[in-house]
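Down below is the structure, laid out as structure tokens.
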Amino acid sequence: METTCLTADSPGNNQLLYFTSTSLTSDGRTLVMISDRSGDPNLVARDLSSGRERVLTDNREGWLKSYVYFDGRPGVGFARASISLDAPRGIAYYIQGRELRAVDLDGAIRVLAQIPDGQVTAFTHVSGDGRYVCVPTTDARALDGPITNNKPDHNIDARVVAEGLNSYLRVFDTQSGVEVACAVVPRGWVTHVKFAPDDNSRILYNHEWTATERGIRRMWLWDGKQHHRLRSEGPGRSRDDWACHEMWADGGRCAFYHGGFNHGASFVGRWQRDSGALSEVALPTGWKRYGHFTADPTGNLLVSDGYYQQADDPIGDAVSSTCGVWISLQRVDWQAKTIAWTPLCRHGSSWKSQDAHPHPIFDHTGQHVLFTSDVSGRRAVYRIGVPKTG
């Protein structure tokens with residue numbers, strides 16, 4: 001399949017939104033991306049037919065300190081980790097300083113709400129019906145202190161637990177801006193939130209970078225009343241495993257995730273909402289190159305930017321030895337515990353910053369995969385077709 005650079009003529013560095021959000025409007029006509037063409041990060045909408053681009057936001061204050069951008073400015077700037085796109089309505093939600101904002105494809109900006117003082121933020125999410133946006137916040141003490149290479153010198157989760165710090169699932173009405181819910185997550189550092197596609201009362205969330213019990217503390221569900229742990233110890237599962245990147249799929253009927261068993265093998269997992277059943281499939285021995293997984297609209301096909309390997313893959317520096325080099329597809333047989341892998345292309349991205357993670361996503365038809373790469377020396381958005389089967 002041929003790879004196309006969608007932003008070849010765009011100035012500056014351009015990248016997809018974080019992969020918990022789509023970057024495409026539902027009609028597939030408009031790509032919403034993060035760009036630094038002005039010297040500061042902003043949102044840009046690109047018409048994929050004409051190539052016309054519109055800068056949607058007006059940030060001139062750098063970027064906000066948050067997860068994963070620890071080197072940002074406290075309380076000031078564009079929150080690069082905050083954007084989520086309401087694809088049917090063409091509205092992007094983001095944080096500027098302490099303001100939760102909405103912007104449409106014409107660049108009309110509304111201020112919805114104020115983020116409370118003493119809080120730091122992370123990746124947000126808008127509900128499938130467009131009614132609510134969830135902003136995870138954490139007591140700011142969690143990130144206080146010196147950083148080295150954009151990472152705090154202290155163990156954040158250990159501090160959160162030891163000092164009794166909290167996170168909050170803050171749900172705002174997208175019309176009025178009223179905070180309609182605020183679920184406290186005691187002694188947890190929450191950085192990812194995702195509404196169930198079919199139920200805006202259910203929010204999938206995480207405990208980030210857990211210092212202990214990594215295999216059972218990562219994945220949680222808030223059902224509007226209670227917090228539910230999704231992965232517990234059991235046959236083949238240990239609290240000493242690790243798991244990450246939980247993502248809704250199949251219209252909210254299941255969630256996919258990945259991680260590593262304590263004995264060393266990497267795995268892809270599925271949690272089923274109706275039964276709570278877990279199924280985890282080990283990857284081939286030695287396939288440990290880090291990546292991310294997302295599902296197509298049917299939930300039958302996964303795409304990843306990691307793990308898959310070929311004998312002639314580059315190995316040398318720390319990044320190429322530990323991070324994936326391929327965009328590949330996976331068709332998983334959860335009963336037989338097998339995975340059929342289909343390589344699409346080498347993405348060539350350096351992985352040297354959060355912004356250079358490929359973070360592949362399917363388009364709304366499932367016919368293409370989009371990803372970010374800095375293979376050309378600057379970040380750009382690429383697209384490749386999905387081979388037809390059957």
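The values are calculated or read from the model by the stated rules, or taken from the named source; none is laboratory data. Everything quoted here is computed from the prediction, not taken from an experiment. Please note: Cβ atoms are built from the backbone with ideal geometry, for glycine as well, and neighbour counts cover all protein chains shown. All accessible areas refer to the heavy atoms of the entire protein, side chains included, with ligands and DNA or RNA removed. Shrake-Rupley method; radii C 1.70, N 1.55, O 1.52, S 1.80 Å.
Checking the structure you have, find out if any residue of the stretch 156-177 is open to solvent by less than 20 Å² (accessible area, probe 1.4 Å), over 30 Å from Gly251 (Cα atoms) and out of contact with any Lys or Arg (no Cβ under 7 Å at 6 or more places or on another chain).
Yes; the residues of the stretch 156-177 include at least one that is open to solvent by less than 20 Å² (accessible area, probe 1.4 Å), over 30 Å from Gly251 (Cα atoms) and out of contact with any Lys or Arg (no Cβ under 7 Å at 6 or more places or on another chain).
Taking the stated definitions as given, is Ala336 more than 23 Å from Asp198 (Cα to Cα), out of contact with any Lys or Arg (no Cβ under 9 Å at 6 or more places or on another chain) and open to solvent by 40 Å² or more (accessible area, probe 1.4 Å)?
Numbers: more than 23 Å from Asp198 (Cα to Cα): yes; out of contact with any Lys or Arg (no Cβ under 9 Å at 6 or more places or on another chain): yes; open to solvent by 40 Å² or more (accessible area, probe 1.4 Å): yes.
Yes.
Does Val76 count as outside any loop (DSSP other than H, G, I, E, B), under 30 Å from Ile147 (Cβ atoms), free of Cβ contacts under 8 Å to residues at least 40 places away in the same chain and not small (Gly, Ala, Ser)?
no
Looking at the stretch 169-181, is at least one residue part of a strand (DSSP E or B), of a type in the set (Asp, Glu) and more than 23 Å from His228 (Cα to Cα)?
First, pick out the residues of the stretch 169-181 that are part of a strand (DSSP E or B): 169-173, 179-181.
From what's left, of a type in the set (Asp, Glu): 173, 179.
Those left that are additionally more than 23 Å from His228 (Cα to Cα): 173.
Looking for residues that are part of a strand (DSSP E or B), of a type in the set (Asp, Glu) and more than 23 Å from His228 (Cα to Cα), one finds at least one in the stretch 169-181, hence yes.
Look through Arg73, Arg89, Arg29, Arg52 and report the one residue that is within 25 Å of Leu344 (Cβ to Cβ) and either out of contact with any Asp or Glu (no Cβ under 6 Å at 6 or more places or on another chain) or open to solvent by less than 60 Å² (accessible area, probe 1.4 Å) (or both).
Numbers: Arg73 fails: within 25 Å of Leu344 (Cβ to Cβ); Arg89 fails: within 25 Å of Leu344 (Cβ to Cβ); Arg52 fails: within 25 Å of Leu344 (Cβ to Cβ).
On inspection, the qualifying residue turns out to be Arg29.
When only residues in the stretch 139-155 that are under 23 Å from the mean Cα position of the chain (by Cα) and of a type in the set (D, E, K, R) count, which is least open to solvent (accessible area, probe 1.4 Å)?
Residue satisfying both the conditions and the ranking: Asp139.
If Gln114 satisfies all but one of (1) touching a residue at least 24 places away in the same chain (Cβ under 8 Å); (2) among the polar types (S, T, N, Q); (3) open to solvent by 30 Å² or more (accessible area, probe 1.4 Å), what's the number of the condition it fails?
Gln114 satisfies every listed condition except (1).
Criterion first (over 19 Å from the mean Cα position of the chain (by Cα) and open to solvent by 30 Å² or more (accessible area, probe 1.4 Å)) does Arg80 satisfy it?
The answer is no for Arg80.
For the stretch 294-301, does any single residue satisfy the condition of being among the charged types (D, E, K, R) and without any contact (Cβ under 8 Å) to a residue 12 or more places away in the chain?
Within the stretch 294-301, none of the residues are among the charged types (D, E, K, R) and without any contact (Cβ under 8 Å) to a residue 12 or more places away in the chain.
Can you pull out every residue in the stretch 345-378 that is open to solvent by less than 40 Å² (accessible area, probe 1.4 Å), in a loop (DSSP other than H, G, I, E, B) and of a type in the set (D, E, K, R)?
Passing the criteria: Asp363, Asp374.
Condition (residue is hydrophobic (A, V, I, L, M, F, W, C), open to solvent by 30 Å² or more (accessible area, probe 1.4 Å) and modelled with pLDDT of 95 or more) applied to the stretch 214-228: is it met by at least one residue?
Looking through the stretch 214-228, at least one residue is hydrophobic (A, V, I, L, M, F, W, C), open to solvent by 30 Å² or more (accessible area, probe 1.4 Å) and modelled with pLDDT of 95 or more.
For the stretch 187-207, state whether one or more residues are closer than 22 Å to Asp139 by Cα, surrounded by fewer than 18 Cβ atoms within 10 Å (Cβ to Cβ), touching a Gly at 6+ places or on another chain (Cβ under 8 Å) and of a type outside the set (Asp, Glu).
So far as the stretch 187-207 goes, yes, one or more of its residues are closer than 22 Å to Asp139 by Cα, surrounded by fewer than 18 Cβ atoms within 10 Å (Cβ to Cβ), touching a Gly at 6+ places or on another chain (Cβ under 8 Å) and of a type outside the set (Asp, Glu).
Let's see how each residue does on (1) over 24 Å from Met247 (Cα atoms); (2) of a type in the set (S, T, N, Q):
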residue: Val303; (1), (2): no, no
residue: Ile315; (1), (2): yes, no
residue: Ser328; (1), (2): no, yes
residue: Ala340; (1), (2): no, no
residue: Cys345; (1), (2): no, no
residue: Pro360; (1), (2): no, no
residue: Phe371; (1), (2): no, no
residue: Arg379; (1), (2): yes, no
residue: Gly385; (1), (2): no, no
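With the requirement that a residue be buried (at least 21 other Cβ atoms within 10 Å of the Cβ) and part of a loop (DSSP other than H, G, I, E, B), what does the stretch 117-138 give you?
Ala122, Phe123, Thr124, Ser127 - these are the residues of the stretch 117-138 that are buried (at least 21 other Cβ atoms within 10 Å of the Cβ) and part of a loop (DSSP other than H, G, I, E, B).
Do the conditions hold for Arg98, that is, is it open to solvent by less than 60 Å² (accessible area, probe 1.4 Å), farther than 21 Å from Pro358 by Cβ and either modelled with pLDDT of 95 or more or of a type in the set (S, T, N, Q) (or both)?
Details: open to solvent by less than 60 Å² (accessible area, probe 1.4 Å): yes; farther than 21 Å from Pro358 by Cβ: yes; either modelled with pLDDT of 95 or more or of a type in the set (S, T, N, Q) (or both): yes.
Here the answer is yes, as Arg98 does meet what is asked.
Can you give me the number of residues within the stretch 46-68 that are in contact (Cβ under 8 Å) with a residue 24 or more places away in the chain and either over 17 Å from Arg379 (Cβ atoms) or touching a Phe, Trp or Tyr at 6+ places or on another chain (Cβ under 7 Å) (or both)?
12
From the list Val281, Val268, Val325, pick out the single residue that is among the aliphatic types (A, V, I, L, M), within 21 Å of Thr389 (Cβ to Cβ) and either open to solvent by 20 Å² or more (accessible area, probe 1.4 Å) or free of Cβ contacts under 8 Å to residues at least 60 places away in the same chain (or both). Steps first, please.
Values: Val268 fails: either open to solvent by 20 Å² or more (accessible area, probe 1.4 Å) or free of Cβ contacts under 8 Å to residues at least 60 places away in the same chain (or both); Val325 fails: within 21 Å of Thr389 (Cβ to Cβ).
Going through Val281, Val268, Val325 in turn, the sole match is Val281.
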